[in-house]
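J.: The structure is given below, and queries will be raised subsequently.
The values are calculated or read from the model by the stated rules, or taken from the named source; none is laboratory data. None of the values given here were measured: they were computed from a predicted structure. Every residue, glycine as well, gets a Cβ built from its backbone with ideal geometry; the counts of neighbours run over all protein chains shown. Just so you know, the surface numbers come from the protein's heavy atoms only, side chains and all, with ligands and any DNA or RNA stripped out. Shrake-Rupley method; radii C 1.70, N 1.55, O 1.52, S 1.80 Å.
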Amino acid sequence: MGLLKRLFGAPDRGTAPQLYAAIVAAGRAPHWYAKGEVPDTIDGRFDMIAAMLSLVLLRLEGEPEALAPSTALAECFIHDMDGQLREIGVGDVVVGKHMGRMMGMVGGRLGAYRASLAGEGLGAALVRNLYRGKAPSDAGLAHVEAELLALRDRLAATPTATILAGALPR
């Protein structure tokens, strides 16, 4: 345990851990990997959780009351990914490098999904980012795109306070 954590304890992230847990649970739903053909691998699960996280962060973007909770949500992601890397055996020396690359990937996805939602739809961005350039069947891509767009719509219809309380709309 790090010195600062021992001295000051874990940071208070409010309800962000509950919201992050809901995002992870939704991102691990079997339909993404079966019907949606998302690769059921470490990378595939990372990409699915990053897609879900991106939609939530995009929904909270521009909401003044969501600035600190959005930051706390991103910190939950960082903490989780750090732990996941260590669990699979990545050593202290290179964890930071991996984390930097992962955060860059999430930032890239935020930009890609933001632009896609404002324009031509998610299809091309999903092939690039979720499927890492290897397009699934038309049915698999259509499933994932439809489900993510439905989530985006549910998030838009959900009051910010409800999301910030840790609830992911179903």
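J.: Looking for something open to solvent by 50 Å² or more (accessible area, probe 1.4 Å), at positive phi, assigned to a loop (DSSP other than H, G, I, E, B) and modelled with pLDDT of 90 or more - is there at least one such residue anywhere in the range 19-41?
T.: Within the range 19-41, one or more residues are open to solvent by 50 Å² or more (accessible area, probe 1.4 Å), at positive phi, assigned to a loop (DSSP other than H, G, I, E, B) and modelled with pLDDT of 90 or more.
J.: May I pose another question? Inside the range 109-138, can you point out the residues that are within 22 Å of Asp153 (Cβ to Cβ) and in contact (Cβ under 8 Å) with a residue 24 or more places away in the chain?
T.: Arg109, Leu110, Tyr113, Arg114, Leu117, Gly121, Leu122, Leu126, Asn129, Leu130, listed by residue number.
J.: While we're looking at this one, here's another question. Please go through the range 127-144 and give me each residue that is within 25 Å of Ala167 (Cα to Cα) and within 15 Å of the chain's Cα centre (by Cα), ordered by number.
T.: Leu130, Val144
J.: Of everything in the range 123-145, what is open to solvent by 60 Å² or more (accessible area, probe 1.4 Å) and among the hydrophobic types (A, V, I, L, M, F, W, C)? Give them in sequence order.
T.: Ala135, Ala139
J.: While we're on this one: Quick check on the range 1-18: of everything there that is open to solvent by 80 Å² or more (accessible area, probe 1.4 Å) and of a type outside the set (Lys, Arg), which residue is modelled with the highest pLDDT?
T.: Gln18
J.: Give the residues of the range 139-160 that are without any contact (Cβ under 8 Å) to a residue 12 or more places away in the chain and part of a helix (DSSP H, G or I), sorted by residue number.
T.: Within the range 139-160, Ala142, Ala146, Ala150, Asp153 qualify.
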